[in-house]
1. Inspect all residues belonging to the stretch 83-97 and state whether any of them is among the aromatic types (Phe, Trp, Tyr) and either without any contact (Cβ under 8 Å) to a residue 12 or more places away in the chain or open to solvent by less than 50 Å² (accessible area, probe 1.4 Å) (or both).
2. I'm checking my understanding of the structure. Among residues of the stretch 1-24 that are surrounded by fewer than 17 Cβ atoms within 10 Å (Cβ to Cβ), touching a residue at least 24 places away in the same chain (Cβ under 8 Å) and of a type in the set (Val, Ile, Thr), which one is nearest to Ser98 (Cα to Cα)?
3. Give the residues of the stretch 44-61 that are surrounded by 11 or more Cβ atoms within 10 Å (Cβ to Cβ) and assigned to a helix (DSSP H, G or I), sorted by residue number.
4. Filtering the stretch 25-35 down to residues that are in a helix (DSSP H, G or I) and open to solvent by less than 70 Å² (accessible area, probe 1.4 Å), which residue is nearest to Leu67 (Cα to Cα)?
5. Based on what the data block shows, is Ser27 of a type in the set (S, T, N, Q) and closer than 16 Å to Ala2 by Cα?
6. Which of the residues belonging to the stretch 48-104 are more than 30 Å from Thr26 (Cα to Cα), under 17 Å from the mean Cα position of the chain (by Cα) and of a type in the set (A, V, I, L, M)?
Amino acid sequence: MASIVEIVSYFNTAKQQAIVWHQQTTSFSEHKALNEFYDEILGLLDELSESSAGIFGRLKGYEVHDLVDWTSTEDTIAYYKNCYSWLQTERKTAPQESWIQNQLDEIAQLLGSTLYKLTLK
């Protein structure tokens, strides 16, 4: 069962990965797409963490995952497609309160928007 702290930890890594690749990419459109992702995901994760903590208690057991250097826009797209797939799988075992699922929808929407922007030149 995916806990809120596992979801937040996973997407904190995706945020940090976006920061690294934002600073390394040679593509201006990728640079901007990643900047928007890490700016927006921060607020979404904060809201998810705080609202969940209010009902279920403070989140504990955060994990930090390894980051990798930028290689190509195609690899960046593959990474964020994987993030989307991971979220769609894990949300099925996350708490099913509609307000939590709505917050996960907002993360999914941001991933979709980011993936679109990564295809722009």
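The values are calculated or read from the model by the stated rules, or taken from the named source; none is laboratory data. Model, not experiment: these values are computed from the prediction. Cβ sites come from the backbone with ideal geometry, for glycine too, and all protein chains shown count toward neighbours. Quick note on the areas: whole protein, heavy atoms, side chains included, nothing else; ligands and nucleic acids left out. Shrake-Rupley method; radii C 1.70, N 1.55, O 1.52, S 1.80 Å.
1. The initial filter retains those residues of the stretch 83-97 that are among the aromatic types (Phe, Trp, Tyr), namely 84, 86.
Okay, now just the ones that are also either without any contact (Cβ under 8 Å) to a residue 12 or more places away in the chain or open to solvent by less than 50 Å² (accessible area, probe 1.4 Å) (or both), so none.
No: the stretch 83-97 contains no residue that is among the aromatic types (Phe, Trp, Tyr) and either without any contact (Cβ under 8 Å) to a residue 12 or more places away in the chain or open to solvent by less than 50 Å² (accessible area, probe 1.4 Å) (or both).
2. Taking the candidates together, the pick is Thr13.
3. Residues of the stretch 44-61 that are surrounded by 11 or more Cβ atoms within 10 Å (Cβ to Cβ), as a first pass: 44-53, 55-56, 59.
Result: Leu44, Leu45, Asp46, Glu47, Leu48, Ser49, Glu50, Ser51, Ser52, Ala53, Ile55, Phe56.
4. Of all residues in the stretch 25-35, those in a helix (DSSP H, G or I) come to 28-35.
Then drop every residue that is not open to solvent by less than 70 Å² (accessible area, probe 1.4 Å), which leaves 29-31, 33-35.
Values: Ser29: 21, Glu30: 17, His31: 17, Ala33: 18, Leu34: 15, Asn35: 17 Å.
So, considering only residues that are in a helix (DSSP H, G or I) and open to solvent by less than 70 Å² (accessible area, probe 1.4 Å), the one nearest to Leu67 (Cα to Cα) is Leu34.
5. Values: of a type in the set (S, T, N, Q): yes; closer than 16 Å to Ala2 by Cα: no.
Criteria not met by Ser27.
6. Result: Leu48, Ala94, Ile100, Leu104.
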